[in-house]
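Notes follow once the structure below has been shown.
The values are calculated or read from the model by the stated rules, or taken from the named source; none is laboratory data. Quick caveat, the model's predicted, so the values are computed rather than measured. Virtual Cβ from ideal backbone geometry, glycine too; neighbours counted across all protein chains shown.
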Amino acid sequence: MATGQTKVTIQADADSFQISKHIYGHFAEHLGRCVYEGLWVGEDSSIPNTRGIRNDVVEALKKLDIPNLRWPGGCYADEYHWRYGIGPRDKRPRTVNSLWGGVVETHEFGTHEFMDLCEMLDCEPYIAGNVGSGTVQEMQEWVQYMTYAGDSDLARERAANGRKEPWKLKFFGVGNENWGCGGAMRPEFYSDQYRQYAEFARNYSGNELYKIACGPNGRDDKWTEVTMERIGHRMHGLSLHYYTTEWNNKGQSFGFDEQAYFKTLALATRMDEIIARHSEVMDQFDPEKRVALVVDEWGTWFDVMPDTNPGFLYQQNTMRDALVAGMTLNIFHKHAERVRIANLAQLVNVLQAPILTDGPKMIVTPTYHVLEMYKVHQDATYLPAEVACPHYSLDKPDLEQLSASASRAQDGNIHISLCNLHHAELLEVTCEVRGASLKQITGRLLEGASIQAMNTFEQPEQVMPVALEGISTSGNTIKLTLPAHSVAVLSIES
Ligand code: AHR
């Protein structure tokens, strides 16, 4: 393949699987300024809000069509006691968030506030329960408090706290990272714990929980093997956490050089191999793929911004993060038969955030724009795409310079997402769409002036999607040019 020449061949008439919209899920933990300030400012705040939840953030998030939101952690889930977060706010206990910065947790944002946020965003709540430091009874009662429609004491208490009707709660995590912050358990012990806790997390009043077990950390396939064997079909999903980072040398989230850029993209491509590895183990126990792989924490993890609380995990977000988002979502699409839920970490002000706030100010990041451009893939049919492209090498390993994915939406339109990974070289791309007649084609492009391009509170629109110009077609073939370090989405009426 000549430098810069790339061919993508798409089978538009393939009989394929669905890309679940839940792959586009998010995650909000009681960590740093995610919940407090990022989402919750309180009813008396001068920042415009609805029942305490900030309006600007909700308006921006609505444009992403968020399918589900995971809360209250993360590691915090296994320290969270739900009773602290209900009832009159001024009476709620003040505890210490010893995991994240040692700050005081006021519990102002609890179950009712979270469910209110999910209703504003029109998304499914995904609640992670406490196995590490909670009890079976506590978990059972939380589920009953939220979902029971009858006249029990817990349902009365919910009504007295302002919510007569039960909520619908689908996704329920039984612990989080129980191999680490969630209790330092061995997989055998966790499997037994799961069986006990999950048994008592009942289905009340027609509500059906989709129970998600704690899964492996990165490449740990022993955990997958043991939990698949011992828990099996008692779970609907098994979670997987993989962060794009080098733990002992994370580097800055901004102002990095080309080597650091390349290293991050190389780390992001590992998601493919990690999913493939766990899927293979899961296939041995569950060839019908009844248990989903739930990548409920993914994203970049860099050093915190200078002069910020190290426990708050606040980082900037550049075109490099946009590339990681685009590549990772393309990987999820490819594995969508097994990967049916995923959650970017985290929603606001933490790690690879689509939104950053500073007091009353709010900006959206390059990652936000990728999620907004890619939402056309939600619940679409995956279309196999074969890519022949140059290699991008700066260091080991070589990367394929193009990451691509295609799908057919329910209205019949085809969408193709393309990421040119190279820091400096453009790509001439030829797409052949087999088995479809192409009518109108439009494209959107996200590119930055440099790999470090980002939005700031002073310059919030440095990185914004624009129309992709210069698309030409002939029969079933589309030609276009992808600038260096850019992400594009084509929409094809067919
Ligand atoms: O997202 C930050 C933390 O990363 C989460 O709390 C934990 O689950 C993971 O280790």
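Please give the number of the condition Val281 fails out of (1) part of a helix (DSSP H, G or I); (2) over 19 Å from Glu177 (Cβ atoms).
Going through (1) part of a helix (DSSP H, G or I); (2) over 19 Å from Glu177 (Cβ atoms) one by one, Val281 breaks only (2).
Could you list, in sequence order, the residues of region 19-51 that are under 22 Å from Trp298 (Cα atoms) and away from the ligand (no atom under 16 Å from the Cβ)?
Answer for region 19-51, where residues must be under 22 Å from Trp298 (Cα atoms) and away from the ligand (no atom under 16 Å from the Cβ): Ile19, Ser20, Lys21, His22, Ile23, Tyr24.
Looking only at region 162-180, which residues are surrounded by 15 or more Cβ atoms within 10 Å (Cβ to Cβ) and in a loop (DSSP other than H, G, I, E, B)?
Arg163, Pro166, Trp167, Lys168, Leu169, Lys170, Gly175, Asn176, Glu177, Asn178, Trp179, Gly180
Residues that are polar (S, T, N, Q) and more than 16 Å from the ligand (Cβ to nearest atom), at least 3 per element: which strands (runs of 3 or more DSSP E) completely within region 52-158 meet that?
Correct list: empty, since no element meets the threshold.
Check Thr442, Thr473 and return the single one that is within 15 Å of Met373 (Cβ to Cβ) and either loosely packed, with under 15 Cβ neighbours inside 10 Å or over 26 Å from the mean Cα position of the chain (by Cα) (or both).
Thr442
List the strands (runs of 3 or more DSSP E) inside region 411-494, counting only whole elements, that have at least 3 residues being closer than 20 Å to Glu400 by Cα and of a type in the set (Phe, Trp, Tyr).
Output list is empty.
If Ala184 satisfies every condition in (1) out of contact with any Cys (no Cβ under 8 Å at 6 or more places or on another chain); (2) under 16 Å from Ala201 (Cα atoms); (3) of a type in the set (A, V, I, L, M) but one, which is the exception?
With (1) out of contact with any Cys (no Cβ under 8 Å at 6 or more places or on another chain); (2) under 16 Å from Ala201 (Cα atoms); (3) of a type in the set (A, V, I, L, M) applied to Ala184, the lone miss is (2).
In region 190-234, how many residues are closer than 20 Å to Glu141 by Cα, more than 16 Å from the ligand (Cβ to nearest atom) and in contact (Cβ under 8 Å) with a residue 60 or more places away in the chain?
Result for region 190-234: 10.
Suppose we filter Tyr382, Tyr374 for residues that are among the aromatic types (Phe, Trp, Tyr), part of a strand (DSSP E or B), away from the ligand (no atom under 16 Å from the Cβ) and at pLDDT 95 or above; which single one remains?
Tyr382
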